[in-house]
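Please read the structure below before turning to the comments.
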Amino acid sequence: MIVEVRMPDGTTHRLEALEGWRVMEVIRDWGLPIKAECGGACACATCHVWVGAEWVAKLPPASDEELEMLDGAFQVDERSRLCCQIIMAEDLDGLEVELAPESLADAPVVRLAVGG
């Protein structure tokens with residue numbers, strides 16, 4: 001499965017993803033600089049992404065907890081999600097997300113993100 005991640009600078013990375021993994025984990029484990037400060041516990045909004053418009057309806061609705069955390073994020077719109085709450089599944093193969101600027105970590109990219 002593939003997740004396409006657009007970075008705030010406009011670059012796009014095609015990342016291989018495993019079923020059952022959180023999109024945040026995929027982004028982090030490929031070495032892209034995502035803050036994800038709470039590690040996927042839905043306790044912050046530092047993994048805020050905008051989901052590609054054609055994918056919004058294919059995702060399960062955001063939980064009340066996720067919506068509460070998104071209240072603390074910037075530039076939230078109908079495409080906003082916390083990528084720690086998006087679990088990869090076969091029907092999400094090709095999912096497109098854009099990392100919100102406030103979710104970008106200061107750390108440099110450690111590995112080259114590549115995928116099939």
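Quick rundown of the values:
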quantity: Phi-based couplings in Hz for region 39-50 (Karplus 6.51, -1.76, 1.60; Gly and Pro marked x); calculated: x, x, 8, 6, 10, 7, 10, 8, 10, 5, 10, 9
quantity: The chain: relative contact order in percent, alpha carbon pairs under 8 Å with at least 6 residues between; calculated: 43 percent
quantity: Label selected from [x] 14; [y] 20; [z] 39, the criterion being percent of Cα pairs over 24 Å apart as computed here; calculated: [x]
quantity: For the chain, share of DSSP beta bridges that run antiparallel, in % to the nearest 5; calculated: 75 percent
quantity: Dipole magnitude of the chain about its Cα centre (Cβ charges: Lys, Arg +1; Asp, Glu -1), debye to nearest 20; calculated: 360 debye
quantity: Whole-Å distance, taken between Cα centres, linking region 78-101 and region 1-66; calculated: 5 Å
quantity: Packing-based order for 48-54, 95-101, using average beta carbon neighbours within 10 Å, highest first; calculated: 95-101, 48-54
quantity: Summed residue charge, Cβ within 13 Å of VAL56's Cβ, Lys/Arg positive, Asp/Glu negative; calculated: -2
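Read the figures in this text as sums done on the coordinates, not as results from a lab. This structure is a prediction, so every number in the text was calculated from the model and none was measured. Neighbour counts are summed over all protein chains in view; Cβ atoms, including those assigned to glycine, are modelled from backbone coordinates with ideal geometry.
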